[in-house]
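Contents: one structure, followed by commentary.
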Amino acid sequence: MRKFGSGGLTRTRRGALGLGLASMVLATAACGGDSGGGEELQNADEVSGEGKSLSVWIMEGTNPDADPYVEDLKTAFKDETGADLDVQFVPWADAHDKFVKSIAGGTTPDVAEVGTTWTPEFADAGALADLTDVVDEAGLDGDLVPGLVDAGTVDGGLYGMPWYAGVRSVVYRTDVFEKAGVTPPTSWDELVAAGEKLKAANPDMITFPVPGDSEYGVYPFVWGAGGEIAAQEGDTWASEIDSPEAQEGISFYTDLAKEHGFSTPAATTWDEADLSDAFSRGDVAMMIAGSWTPGALVEANPDLEGKIGAFPIPGPDGGVSPSFLGGSHLGVFEASENKDLAWALVKLMATGDMADEWSQQSGFFPGTESLLQKVQEEDDPVVSPFATQMVDGGASLPVTPLYGQVQGKKTVSAMLQSILSGDASVADASSQAADEMDEIFNQG
Amino acid sequence: MTTSPDVQPGVAVTESRQTPAAPSGPAAPGGRPSRRDRAGNGLTPGWLPWLLQAPALVVLFGLLVYPLVRVAVLSFQDFGLRELVTGESSWVGLDNFTEVLTDPLLWKVALPNTAVFAAVNVFLTVAVGTAVALLLAKLGPWARGILTSAIMVAWAMPAVTGTYVWVYLFDARDGFVMQTLGSLGLVDPETTNWFTERLPFFAIATANVVHHGFPFVAVTILAGLMTVPKEMLEAAALDGAGAWRRFRYVTMPLLKPVFAVVTILSTIWDFKVFTQIYLMPGGSGTNREVLNLGTWSYITAISQNRYGLGAAIAVLLTLLLLVITAVYLRTLFKQEEL
């Protein structure tokens, strides 16, 4: 981070960044024995890839049945450039390790799907190519979903092409709400009132589980109350998770469990998978979950078909609380020998028909605004609330590789769990989390 | 023995004559051929043993020595993802160790969790294993066969599977134990989640580790029990020794080397316990109270990409284990001399 500085991107800075990357690429090439990497990346309308082949990594499970898509992609790419594709599916759980190992061993693919929170980390390490110029040249810079652009931008350079996005909102049981005479709440007070009614009508159900091993549920309430996770000051980041606003949000969220009893002690150690399991068993009235979950919930328990709805996470006094905008970028790796060809593939996958096909099949939102608008107009009851959430309240976490370390240390979940288990007060737990974040930020 | 010189002087003399020779006895078979080698009778050249051992040595070097040296080197470096990509490395001297040693987490959480957990688990594993071995020794061949197979299943179960079973048993909502105790009115399932508290968390981990570890101890000690001469136990019984005194003063001293082996191995296993803690709810970093040296090292190195710092924790864990094993072996040998 500090080597390159940050803030406004001037000519010289970009030059220095390029030099830095080039020297890193040389070092990678020297250590990986890869002689062809490091050529200047260019945008061209037509790239000939006759007789060439690109390796591509895509995360497994995003698209439940990805084979037809891959066949279409191979055909389209062959038609356009004449090159072949070698597509590999990588499970999310192994992906980070696999990337790190391939970066270390010089065996990175040409193009890969990179989770948005990993992009700054790999870019900072010098493994990904800077796409800023080619995105400009291709005239795409105005059409990309801003949250995904922010998440892929390091020191002014864009290192990940937005591919698809997902966002968390509230997923609820329409039948349970109807029976209790409750409509989706639009403010925090209404959320509590709805919870009380649901709890009275269904004492055996968990009204609104607050999972202690997932950080993504608390962010909307911190942001909704006007707080921030951390703020950038020049070159460095400083934590703000213990600000009065943030504490107010954390208190409201944890009080849903502690004061109102909408949760269960078991949820104190739940992660998002446990949360989904409980929902698909029919134990949960509403929960914070991703736009990609409703399909999986019905698949796990077909009885829930038609009984699942969604609404955006309400703001304190109406409106929408921002929620973390997650998703994936497509990245071109620096060590690739055919970067122009790789960029041609990224363009093909992230725009137009291929991007549309992917988001239709996977249930995620496309990474370009023009396609996103199309989805919003379709008005599907479990899709459009998420689209509203994304457009009106999509937010990103601090875009620095150091925040990856904060997540690795589970700082925010540890804070939640200690509050939920009664080990610490909101004030103590949040100031401890802030200290831990600052310690990590200062190491950078 | 003490009375024999008076009754049979002749025997005692021959024994005492043999005694000085005895120590050289076992050494002799090993010593003589080596002298012949050095004399060079041409049958076994000096490099041949090394050549024959080469495959094993290569495997040992690749799997043990290299990673060990690499971890030691890493612990003196500031090594993150960038260093992994560029292949550069920056030496930071003892910075990593200073950071670990001045972290209150080490003294208040990780070290006590590791050491106390290991001590309790080693004791329980060996105690339960011994008790089961004594029971097995009493049984007839059929019952023993069935029981041995049953405990082998506990041993053969992968740590991951076993851990999930124990976690499920104690699950705060659907767990068998929670539901049983809840229906008896002994705990309140509305307010209890055992995994969030340090002692219950480690009690469940202890049940898991002891359950997984005792079969090895039981089988090893059973093998030892088979070698205890029946005559000695009978003699002790005739002298009026009860079951406990026979075990304490006859069996235990005879099986001391066996106890030493199972205790040292259990100590090593229980100190570096990782899977059984990491996979429990909260064990992978959300519950800071239950970190031990193994999980702390892993989270630091792998989840945070701070490989240097993680390596330093691992080095400290190794040194701690070496010291404990050395002290334990020394006390054992000292007792032997007495």
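Any read-out appearing in this document is the output of simple, stated calculations on the displayed coordinates, not a laboratory observation. All values derive from a computational prediction rather than experimental measurement. A quick note on method: Cβ atoms are made from the backbone with ideal geometry, for glycine too, and the neighbour counts reach across all protein chains shown.
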*asked:* I want the antiparallel fraction of DSSP beta bridges within chain A, as a percent rounded to 5.
replied: 70
*Determine the shielding of peptide A:417-426 by partner chains: average, over its residues, the number of Cβ atoms on other chains within 10 angstrom of each Cβ.*
3
*Report the one residue of A:Pro120, B:Ser89, A:Gln232 whose Cα lies farthest in the direction of the positive end of the charge dipole of the protein assembly as shown (charges on C-beta: Lys and Arg +1, Asp and Glu -1; origin at the Cα centre).*
B:Ser89
*So, with +1 on the Cβ of K and R and -1 on the Cβ of D and E, and no other charges, what is the size of the charge dipole of the stretch B:115-291 about its Cα centre, to the nearest 20 debye?*
580
*Please give the average number of partner chain Cβ atoms lying within 10 Å of the Cβ of each residue in B:85-92, rounded to a whole number.*
5
*With labels modelled as points extended 7 Å from the Cα through the Cβ direction, what inter-label distance (nm, one decimal) is found for A:Asp136 paired with B:Leu57?*
6.1
_With viscosity set to 1.567 mPa s at 4 °C, what whole-number translational diffusion coefficient in µm²/s follows for chain B from Stokes-Einstein and a Kirkwood radius over Cα pairs?_
52
*Counting other Cβ atoms within 10 Å, keep those with at most 15, restrict to DSSP loop, and tell me which chymotrypsin sites (Phe, Trp or Tyr not before Pro) in the stretch B:188-277 are left.*
B:Phe274
*Please give the calculated 222 nm ellipticity per residue for the protein assembly as shown, where each DSSP H segment of at least 4 residues contributes -39500 (n - 2.57) and the sum is spread over every residue; nearest 500 deg cm²/dmol?*
-17000 deg cm²/dmol
*asked:* Residues of the stretch A:254-282 with backbone nitrogen within less than 18 Å of a virtual label 7 Å along the Cα-to-Cβ line of B:Thr192, please, listed as ranges.
replied: A:264-269
*Based on the Cβ-Cβ distance from B:Ala159 to A:Glu259, what FRET efficiency comes out when R0 is 41 Å, to the nearest 0.05?*
0.55
*Rounded to the nearest 20 Debye, what is the dipole magnitude of the stretch A:89-207 about its Cα centre when Lys and Arg each give +1 and Asp and Glu each give -1 at the C-beta?*
780
*Inverting the mean 1/r over all pairs of different Cα atoms, compute the Kirkwood radius of the stretch B:115-291 and quote it in Å.*
18.1
*Which net charge results when you count Lys and Arg as +1 and Asp and Glu as -1 among the other residues whose beta-carbon is under 10 Å from that of A:Ser384?*
-4
*asked:* Which one, B:Leu238, B:Leu101, B:Leu265, has the greatest fluctuation when you compute a Gaussian network model over chain B with C-alpha springs under 10 angstrom?
replied: B:Leu238
*Picking from B:Pro141, B:Pro215, B:Met280, whose Cα lies most toward the positive end of the charge dipole for the stretch B:115-291 (charges on Cβ: Lys, Arg +1; Asp, Glu -1)?*
B:Pro141
*Which GluC sites (Glu not before Pro) in the stretch B:39-109 pass both tests, a DSSP loop state and at most 14 other beta-carbon atoms within 10 Å?*
B:Glu88
*Of A:Lys409/B:Lys272; A:Lys98/A:Lys374; A:Lys307/A:Lys409; A:Lys258/A:Lys307; A:Lys98/B:Lys108; A:Lys98/A:Lys409, which sit over 26 Å apart, Cα to Cα?*
A:Lys98/A:Lys374; A:Lys307/A:Lys409; A:Lys258/A:Lys307; A:Lys98/B:Lys108
*Which FRET efficiency value, to the nearest 0.05, do you get for B:Arg245 and B:Thr180 by plugging their Cβ-Cβ distance into 1/(1 + (r/R0)^6) with R0 = 30 Å?*
0.15
*Which residue, chosen from A:Trp223, A:Pro146, A:Pro211, occupies the Cα position most advanced towards the positive end of the dipole of the stretch A:129-258, where the dipole is computed from +1 (Lys, Arg) and -1 (Asp, Glu) charges on Cβ about the Cα centre?*
A:Pro211
*asked:* Rounded to the nearest 5, what % of DSSP beta bridges with both residues in the stretch A:53-186 are antiparallel?
replied: 15
*Please state the charge dipole magnitude for the protein assembly as shown, taken about the Cα centre, from unit charges on C-beta atoms (+1 on K and R, -1 on D and E), reported in debye and rounded to the nearest 20.*
5860
*Once you've got the GNM for chain B with C-alpha springs shorter than 10 Å, pick whichever of B:Gly93, B:Gly310, B:Gly240 has the biggest mean-square fluctuation.*
B:Gly240
*If you take every DSSP beta bridge whose two residues both sit in the protein assembly as shown, what share of them, in percent to the nearest 5, is antiparallel?*
70
*Go through the stretch B:141-245 and name the GluC sites (Glu not before Pro) that are in a DSSP coil and have 13 or fewer other Cβ atoms within 10 Å of their Cβ.*
B:Glu190
*Shielding of B:278-285 by partners, i.e. mean partner chain Cβ atoms within 10 Å per residue?*
4
*asked:* Straight-line reach only, C-alpha to C-alpha below 22 angstrom: list the lysines that A:Lys78 could link to, leaving out same-chain residues fewer than 8 apart.
replied: A:Lys52, A:Lys339, A:Lys347
*Under 13 Å Cα-Cα from A:Lys101, which aspartates and glutamates qualify once same-chain neighbours fewer than 8 residues away are excluded?*
B:Glu83
